[in-house]
Amino acid sequence: QVQLVESGGGLVQTGGSLRLSCAASGIIFRPNAMGWYRQAPGKQRELVATITTGGDTAYAGSVKGRFTISRDNAENTVYLQMNSLKPEDTAVYYCKYSSFSVTGNYWGKGTLVTVSS
């Protein structure tokens, strides 16, 4: 059982930056992977970035070079630094956790990012 709490969303103008945080609590198994997904109105939820406890990362092509995912394993917290934001980045951003040893995905409730033009 894992609980995820996201924070850091808000309103920003085009070209601005935001830093999202996701704190995981409960029974955390290692190794694991955490990541950020986003969903805009009328669109499917899509992967933004993922990171494993070992530090392996993956990014969607649309955010590569602008977003950086990182984590603090000791605190079970994952971050998403978002730079050079575009209106197309507007979405609800969700944090996800999954263990390599225990079946099941866990999701946060999401945090809204709005990028104005």
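The values are calculated or read from the model by the stated rules, or taken from the named source; none is laboratory data. Fair warning: this is a prediction, and the values are worked out from it, not measured in the lab. Cβ sites come from the backbone with ideal geometry, for glycine too, and all protein chains shown count toward neighbours. We work out accessible area using only protein heavy atoms, side chains counted, and drop any ligands, DNA or RNA first. Shrake-Rupley method; radii C 1.70, N 1.55, O 1.52, S 1.80 Å.
Has the range 34-44 got at least one residue that is open to solvent by 40 Å² or more (accessible area, probe 1.4 Å), within 12 Å of the chain's Cα centre (by Cα) and within 13 Å of V113 (Cα to Cα)?
Initially, the range 34-44 is screened for residues open to solvent by 40 Å² or more (accessible area, probe 1.4 Å), giving 39, 41-44.
Retained after the next criterion (residues that are within 12 Å of the chain's Cα centre (by Cα)): 39.
Of the ones still in play, those that are also within 13 Å of V113 (Cα to Cα) are 39.
Yes, the range 34-44 has at least one match.
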Tally, over the range 87-110, of residues that are among the charged types (D, E, K, R), in contact (Cβ under 8 Å) with a residue 60 or more places away in the chain and loosely packed, with under 14 Cβ neighbours inside 10 Å: 1
Meets criteria (free of Cβ contacts under 8 Å to residues at least 60 places away in the same chain and at positive phi) for N76: yes
Filter pass, A49 being under 12 Å from the mean Cα position of the chain (by Cα), modelled with pLDDT of 95 or more and surrounded by fewer than 21 Cβ atoms within 10 Å (Cβ to Cβ): no
